Each structure stands twice: as structure tokens, then as C-alpha cells.
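> What follows is a single structure, and I will ask about it in a moment.
The values are calculated or read from the model by the stated rules, or taken from the named source; none is laboratory data. Only a predicted model underlies this, so the values are computations on that prediction, with no experimental measurement involved. Using ideal geometry, Cβ is built from the backbone for each residue, glycine included, and neighbour counts are taken over all protein chains shown.
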Amino acid sequence: MLLAVSNLQAQWLTESFALTNGWNAIFLNIDAAHTTIDALTADANNPIREIWRWTPPGTAQFVDSPQRPIDTGSQWLTWTKFAQDSKLQRLVGNSAYLVRVANASTFTWNLKGKVVAPLNEWTTTGLNFVGFPTRPDQAPSFESFLLPAPELQQSAEIYYYPGGDLGLDNPARLFALRNAFVTRGQAYWIRTGTLFNRYLGPVELRLSSGHGIDFGTQQSSATFRLKNVSSSNLVVTLTLISSEAPPAGQPAIVAVPPLLLRGARSATSLTYGYSTLPLNAAYTWNLAASGQSGSEVEVVLGLNRSAISGSPGSVYAGILRFTDSLGYSQVDAPVSAAASSTAGLWVGKAVAAQVGQYLKTYVRDAQNNPVVSTNGNYVVGSTNTSLGGVAKPLPLRLILQNPETGGSARLFQRLFVGPDGHSNVVVASQQAALHPNLLKQARRVSATHLPYSADNSGWAFDGRLSFNTNITVVVTEDYRDQGSNPFLHTYHPDHDNLDAQFKRALPQGSESYTIQRTITLRAQAPGDDFASLTSSGQTITGEYLETLTVLGLARAGNTHDTREFQVRGSFALNRISEISTLTTAP
């Protein structure tokens, strides 16, 4: 395995180590550093008296023979029961340890920790103290296990600890590879001379980052590769299994994350299909022999965030278990995610693709002449207000700030993102809230179709932005607003809303009209394809509806002449910041 370090949520698993009286060599495929060794051995019946951790030497050092635990050895960190000054305090994963048991012929040590994928840190400058991720239920012999790596099989010197006191035969060299088994959780000294080794089993798992996969609150997909390093065809099986219950004091796990495996791309829709990865269900790949076409496969794993219903921050975790058809390996890798909220700054656009018509049909007499009413107007028979397509859809910028909990989302004409006076990135309503010397790092987002105001307080929706919800906001463009009202032409005498002497403002409906824009965002479930399902945590799409109400001259009873127009289309919003608090100018 070629992996880097990652800070993952915890996926818990218990490993059992069968110990005998004296010295035992163990290898941890889990990380138990969540608590101290004192706590792990606190049971009065626990016979463990010493634990020594092997810390691999640097390239300038050379280990010529299997190491014995000595206090002066720079390659060891030690813990001693009841000692107050032990340098070794916690057990980390992917490490080999010597454990001394006293006054017990046999003892099974059940150790719960976080799952970590194997990490190969092999050195050619001497001996390696390592373990192998073999299956715990059917350990293979060294002879068969090393068959896919013939150079390693021929050159490896392997030593093990049979238990009891240290001496000339403890650790002892392993000669009969056919009769010795590669036991999961047991550590071995191995020397290969100048041979560099990365073999940990017939199938090699390469993760894009870390000891596992952590989607966090934002990531939507991750990639890993499976490679067959054996000389025969191989079937690799992936099974998603549950994490064990976390130890006391650790975050609770809601469930396993809803995972998707990306499939083939459709030639018609140009979208990727997917397969779900249910709990305890197997998914397989057939890999050709090493060196042949098809011996390696890239897998894209996605998180279906639309299927996560937990409160923001809730932990979803599980274990990806890989096994091979030879029955040699069991590679466990943690996978986790955290439920995300919709709080933060969302920016996107609506596309107005349909507009309501306003076509009148007039009443005609028998001679097909228009019928005139008593007041001299033509008599209207009906008005067609149905929606019709437009020659070219109109894009409308949308800027929404969504609170963390409670309250309502707000629509803004402009917002600023950048460092404040303390160099912390903020979302601000005014440029004055940003650091004046760091404006090159800031960004302004504007929506020109919305009316400008100096205070820029925005307009409140009737709820929070979320998935599968409808929210509505009313934006009013006053008939006197020279900056935004489309009926006003400041320098045109017929459309400036002033009298003939340009002194007195005219009433509403004379030359200009107040416009009330009732905007509704009807969020929809994501599309049934891989990209839509995995990006739903950071993207919200749906139907855009707008009703424009034009208010004219005042009438009796505090009413106005009105006319309504309907607009329909779609919208897509992307969260560009998780900052949910709006900063105002000082």
C-alpha cells in the first residue's frame, strides 16, 4: 500500500491478539491512540507488563540482526506498567510492538481502535519489523503468500518471537515457510538485502489520500486504484461493513455513509451511471494477471449526500473491506462523512425561459365589428396569460446568505468575500468591513437585476434554503427609484416621473410604476445520475418562479390598478462559502 497520512473520522474495529507468557510480537492494523496504554491495560486481570514500540531507524542507521528491547536502543519507545515516566504512552496503527506477558500461560488481548489502511514503509538498509493484512479466519502459509513476489520469497530472512524469555533462539529464524502461517496481527523481522519491497498481498490498493477516505462535509467523490500483482487472474471483492460502537467519549456514528460506485458514461445523456454499495453486499472486479491489460482498475467512489438526513455534523462511518479470490488478504480502509448543513453563501443563477403573455380577445358583433361599451372602450372577451417560450433565455444572478439554524435565507444585491481587519475571511454586506490593504484577495459578487440600496440589508425569504423546499421572497422596485426602475429614464421628459416644469414628482402610475417581484425557488431532488447525487451537498437546483405585479394609479379603498406577469425557468445555486454569519461594516 502506498498511502499518506489523513485525519479521518473514527471507524472502530476490535482486533484480538493471542499472547503467551514472555515476549510477543504484534502488529496493529488499528490505531488505539484515542486513549492511553494505562487505560487499555487497566483491568486487574491484564498480565501485560511491558510494551516496546519499534521506531524504524533512518537511512544512516543499519540494523544487522533482529532487535531485542534494550533501554539504550534508539529504535525503541517503551512503556512499563506502573511506571510514571514511560516514553511510550499510546498505541498508533501500522506499527510493530513487543509485548511482555507475565504470570499467564495464554492471554487474549482484545484491542479496539480506529481502522487504518496498511502503510508500507520498507527499508533496504537492514531489517524491517512489519505485519501483513492477511485474513484472520484463514491465514495462508508463507510459501503460498509470497508466491506472487518470488524475489521476496527467495531472498527474505524472516524472524519471529515464539514467546518466553529473550535469548539466542528468541527471536528465531523461520525456515519452513510451508508450515509457517502469516498470522494477521503478528509482527515479523524481515531482511531482504538490497531488494526494495512493497508487497503486502496479491492485490494492491492505492488511495488518493491518507489511510482511508474522508468525505467530510464538502467532498463528493474519491478515487482509488486496485492492482493485481500476482501472476494469475484475480477477483477482488469489496464489502462495506459497519463500524463497531465507538468507545466512551468518542463521537457517535449514525450509520454507514450512502456510497455510490461510478459506472459507465452514457453516450446520449453524457452522464455517468452508478451502482449503490449497500451494507454487507459484495462488489467485485475481475483483474487480469500482473503486467497484462486489465490488471489494474481505477474506481471512483461517491457519496450520495441527498440520502443523508442526519443533523449537520453527524458522523457517518464504515469500513471498506477488500479481499482476494486467493483467500490471502483482508485490507480494511476507513470511509467516513459528516452531514453538511446548507448554511453559508450560495451564488448561482436563474434562467427565465418562459414569460406569461397578456393577449386580449375582443368581443365582436354579427358583422365582426368590435363591440364598444358605454364608456367608449372595446369590450374584452378574454385575456390569454399562458406561459410562452422566449427567443433567448434571460440569466439572472442569485446571491443568497443562509443562516446555520433558525431564521431565514436572505437575497442580496451584492456581497463581499475577503479578509477582515484581523485577516479572517468573512462574508460582508459592505466593502468597509474588509481589510483595505487586502482587497486584492477579496471578491465582490453582484446581481444587476436587483435594486441597489446603500444599506444593502437584502430581502428575507420565508424560510431557510434547503433541499426539497420552497422559499419565497418579495423584492419591491419603487416607482421613484431612478437607479433600478425600468420605467424611469432620468433624462427623458416623458419618463422622468416629473411634471412639465421638472419640479414636482408625479404620483405612481402617471409615468412610472412600482414593481413587486415575488420570487419563489422550488428546490428539487437531484437528478438520478452519479454527478448529481454526489454534488447535492454543494449544489441546489430547481424551478424558478416569479410573479411581477405592476402597480399603477391609486383607486378608492387604497387599491391600485394592477397587472401581473408570470415568469418561469430554472435555477442552480452553488455554495461558495460555509460562513453563515454576515459581517456588517464597523
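> Looking at (1) within 23 Å of Leu13 (Cα to Cα); (2) surrounded by fewer than 22 Cβ atoms within 10 Å (Cβ to Cβ); (3) over 15 Å from the mean Cα position of the chain (by Cα), can you tell me which one Leu359 breaks?
All conditions pass for Leu359, except number (1).
> If you don't mind, there's one more thing I want to ask. Scan Val236, Val182 and give me the residue that is in the same structural domain as Leu146 (by TED's automatic domain parsing), β-branched (Val, Ile, Thr) and surrounded by 21 or more Cβ atoms within 10 Å (Cβ to Cβ).
Val182
> Here's another thing I want to ask about it. For the condition within 30 Å of Leu279 (Cα to Cα) and not acidic (Asp, Glu), what is the one hit in Thr383, Thr374, Thr342? It would help to see each step written out before you state the result.
Details: Thr383 fails: within 30 Å of Leu279 (Cα to Cα); Thr374 fails: within 30 Å of Leu279 (Cα to Cα).
Being within 30 Å of Leu279 (Cα to Cα) and not acidic (Asp, Glu) holds for just one of Thr383, Thr374, Thr342, which is Thr342.
> Let me ask another. Within the range 519-555, restricting attention to residues that are out of contact with any helix residue (DSSP H, G or I) (no Cβ under 6 Å at 6 or more places or on another chain) and part of a loop (DSSP other than H, G, I, E, B), which residue is farthest from Ser466 (Cα to Cα)?
Asp529
> Something else now. Step by step: first the residues of the range 243-276, then only those that are of a type in the set (A, V, I, L, M) and loosely packed, with under 14 Cβ neighbours inside 10 Å, then the one that is nearest to Leu320 (Cα to Cα). Which residue is that?
Result: Ala245.
> Given the structure, is Arg198 part of a loop (DSSP other than H, G, I, E, B), modelled with pLDDT of 95 or more and either among the aliphatic types (A, V, I, L, M) or more than 23 Å from the chain's Cα centre (by Cα) (or both)? Talk me through it step by step, then tell me what you get.
Values: part of a loop (DSSP other than H, G, I, E, B): yes; modelled with pLDDT of 95 or more: no; either among the aliphatic types (A, V, I, L, M) or more than 23 Å from the chain's Cα centre (by Cα) (or both): yes.
Answer is no for this residue.
> Let me ask something else. Quick check on the range 363-379. Is at least one of its residues surrounded by 16 or more Cβ atoms within 10 Å (Cβ to Cβ) and either among the hydrophobic types (A, V, I, L, M, F, W, C) or touching a residue at least 40 places away in the same chain (Cβ under 8 Å) (or both)? Outline the logic, then answer.
Here is the first cut: in the range 363-379, the residues surrounded by 16 or more Cβ atoms within 10 Å (Cβ to Cβ) are none.
No, there is no match, as no residue in the range 363-379 is surrounded by 16 or more Cβ atoms within 10 Å (Cβ to Cβ) and either among the hydrophobic types (A, V, I, L, M, F, W, C) or touching a residue at least 40 places away in the same chain (Cβ under 8 Å) (or both).
> Okay, moving on. Would you check which residues across the range 504-560 are under 28 Å from the mean Cα position of the chain (by Cα), closer than 19 Å to Leu411 by Cα and modelled with pLDDT of 90 or more and list them?
Leu521, Arg522, Ala523, Ile540, Thr541, Gly542, Glu543, Tyr544
> Let me ask something else about it. Taking Ser341, is it buried (at least 18 other Cβ atoms within 10 Å of the Cβ), over 23 Å from Leu13 (Cβ atoms) and under 34 Å from the mean Cα position of the chain (by Cα)?
In short, yes.
> Can you report the number of residues in the range 202-219 which are on the phi > 0 side of the Ramachandran plot and either in contact with a Cys (Cβ under 8 Å, 6 or more places away or on another chain) or part of a strand (DSSP E or B) (or both)?
0
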